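J.: Before we start, here is the structure in question, set down as structure tokens.
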Amino acid sequence: MAKPIKKIGLILLILIILPILFISIREISSLNENESLIESIYTKQLESILYSVNQYSEDVARSWLTRIQSMVDEADGTWKLPEAKTKQFFETNYALNYFFLADSSGRELKTFQRPDALPRAVEDREKIKLVLKENQSMVSKLYKFKSGKFTKIYPVADMPGSTQIMVFILDNKMTGGFAIDKSTFVRQNLSSIIQSIGREEFVVTVFDVNSKEDIYSTERTKISNYQQKKNLWLIPDYSLGISLKGKSLEDLVKSGMYKNLFMMLGLSMLMLIFAWFVYRNFKQEVELAQIKSDFVSNVSHELRTPLALIHMYAETLTMGRVKSEEKRDEYYGIIQQETERLSKIVNRILNFSKIESGKWKYNFTANDLNEITGQIYTSYKFHLGSKGFDFQFEPAEHMPVTVMDKEAVSESLINLIDNAVKYSSDRKKIIVRTGVMDKSVFVEIEDNGIGIAVDDQKKIFDKFYRVPTEDVHNAKGTGLGLTLVKHIVDAHKGEIRLNSRLGKGTTFRLIFPVNTTHKEA
Ligand code: ADP
């Protein structure tokens, strides 16, 4: 029986579990790949957002450059820029402290500052000259770019009071530049684009690289770890940082990964449970088929032996070959004994089928368990004694009357005593005991036989089940006796307790609740 079960187990393993394992491992490894792909795409997206802020700030600076260029063009090389336009230029751009024009050598220099401001530009003039000198090579590069029709705005130096100087080359081969207030530039000119980028999803911040102070942020609370950072091209002292609101990118990626992983695991578990169910059902079916076929062969065997004996002795007797009266009596005795055995087997099967199909009609009446047990004991005493058994009865002193089906309880006891005899080997001692427990009465049959292994103890009440032993045919049976006992005890709302040790012996205790309703009624 074990072979086909093992085989189907192996097939299930190969058909279901191995593919699941394979798919799961594959999925998990591809999950990692997917997640790192998502992460890299996301990182690039954050980078491009920061790029767009930089691009925008350059656009602002270029628009200023264009305005200065148009004023210079209007002045026609005189450096006397139209006053009204200059005034308006300053008025509309608060971040602009002043701007300047210089010749290509940087020696001639003129500053233009907002009308309402302190004369800082004038004070800074010498400093600007110095800066241009220090950055001579860069300025020459910008001239080179310009001749290639490429205008670049280049941040050159910090001035006191959060001022940043930027230089560029104008069309008429002049050096131009402006000084901006860095923080005002960020707040005035970049805040709107930063806000529109941040929206609900991101925290975007401009912070000072050296002091780590936030200059402007879409969020009130300070962020310590940005997922992406980029320098502001025009203000090298400032950096842009961006982070996902609430969750970090890692959290987001991880939560997606865990979700997928849990789904995979859940699915695998379901498949495994399914495989287990299939295996269990199949195992039960195979076991039942095997048990049924064992049952048929057991019953046939049980019927054949008494039938053969009856046939043999009856034939001997009818042929008149037995001369002595004594021998004839012995043969009649054997025929009678075997007929009883036959009817016992047939009755047991019939009773079982009646109980199984619910046709057994219980007849509950007030009874004394001592009396029922005593009767069975008396009818068995002589028979077991002749077989060499030390058979004892220990009745309880005060047995309360309780309601039970006498015939059914007797049938249970007969089954248990038969088993005790069958499975007793050479320690032939059986004790039948009755007793009273809290609100219940019991009868127990104790033998000193072969005992029952713990694993089998759970199965022996299943129908047709017989403990598989090598010499199983020595003790014949149908595997129905204990099933019948259990049905009967259940019908009495009672309980069976089994105490057995392999090689030592077994005690079956049937417990019946004391119930006197029938008697009182
Ligand atoms: P069976 O007709 O085989 O005796 P039962 O249902 O009465 O069927 O018992 C089921 C199995 O339990 C038996 O085959 C036997 O292996 C085991 N068994 C029952 N009673 C005893 C006992 N007193 N000692 C040892 N084994 C027992």
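The values are calculated or read from the model by the stated rules, or taken from the named source; none is laboratory data. On a predicted model such as this, the values are computed, not experimentally measured, just so you know. When we count neighbours, we look across all protein chains shown, and the Cβ atoms used for this are built from the backbone with ideal geometry, even at glycine. Only protein heavy atoms, including side chains, enter the accessible area calculation; ligands, DNA and RNA are left aside. Shrake-Rupley method; radii C 1.70, N 1.55, O 1.52, S 1.80 Å.
J.: Looking at Phe393, Phe389, which is the one that is over 14 Å from Asn367 (Cβ atoms) and touching a Lys or Arg at 6+ places or on another chain (Cβ under 6 Å)?
T.: Phe389
J.: To continue, here is another question. Could you identify the single residue in Thr469, Thr478, Thr434 that is out of contact with any strand residue (DSSP E or B) (no Cβ under 9 Å at 6 or more places or on another chain) and either more than 10 Å from the ligand (Cβ to nearest atom) or touching a residue at least 60 places away in the same chain (Cβ under 8 Å) (or both)?
T.: That would be Thr478, the only listed residue that is out of contact with any strand residue (DSSP E or B) (no Cβ under 9 Å at 6 or more places or on another chain) and either more than 10 Å from the ligand (Cβ to nearest atom) or touching a residue at least 60 places away in the same chain (Cβ under 8 Å) (or both).
J.: Among the residues of the range 442-466, what is the count of those that are more than 7 Å from the ligand (Cβ to nearest atom), modelled with pLDDT under 95 and of a type in the set (Phe, Trp, Tyr)?
T.: Of the residues in the range 442-466, 2 are more than 7 Å from the ligand (Cβ to nearest atom), modelled with pLDDT under 95 and of a type in the set (Phe, Trp, Tyr).
J.: Considering the range 127-137 alone, what residues qualify as being open to solvent by 40 Å² or more (accessible area, probe 1.4 Å) and out of contact with any Leu (no Cβ under 9 Å at 6 or more places or on another chain)?
T.: Residues satisfying the conditions are Lys127, Leu130, Lys133, Glu134, Gln136, Ser137.
J.: Could you pull out the residue among Phe150, Phe145 that is out of contact with any Leu (no Cβ under 8 Å at 6 or more places or on another chain) and in a loop (DSSP other than H, G, I, E, B)?
T.: One residue alone meets the criteria, Phe150.
J.: Taking the range 201-229, which residues are closer than 18 Å to Ser48 by Cα and among the acidic types (Asp, Glu)?
T.: Glu201
J.: Which numbered condition in (1) closer than 22 Å to Lys344 by Cα; (2) among the acidic types (Asp, Glu); (3) more than 12 Å from the ligand (Cβ to nearest atom) is the only one that Asp418 fails?
T.: Only one criterion in (1) closer than 22 Å to Lys344 by Cα; (2) among the acidic types (Asp, Glu); (3) more than 12 Å from the ligand (Cβ to nearest atom) is unmet by Asp418, namely (3).
J.: Shifting gears a bit: Could you check the range 395-432 and list, in sequence order, the residues that are closer than 17 Å to Lys504 by Cβ and open to solvent by less than 20 Å² (accessible area, probe 1.4 Å)?
T.: Hits for the range 395-432 are Ala420, Ser424, Ile430, Ile431.
J.: Would it be correct to say that Ile25 is modelled with pLDDT of 75 or more and closer than 30 Å to Phe282 by Cα?
T.: In short, yes.
J.: Name every residue in the range 378-394 that is open to solvent by less than 40 Å² (accessible area, probe 1.4 Å) and among the hydroxyl-bearing types (Ser, Thr, Tyr), in order of residue number.
T.: Within the range 378-394, just Tyr380 meets the criteria.
J.: Among the residues of the range 146-165, write down those that are open to solvent by 60 Å² or more (accessible area, probe 1.4 Å) and over 19 Å from Val131 (Cβ atoms).
T.: Ser147, Lys149, Phe150
J.: I'd like to check which strands (runs of 3 or more DSSP E) are fully inside the range 189-279 and have at least 2 residues that are open to solvent by less than 60 Å² (accessible area, probe 1.4 Å) and at pLDDT 80 or above.
T.: So the answer is 202-208, 214-217, 238-244.
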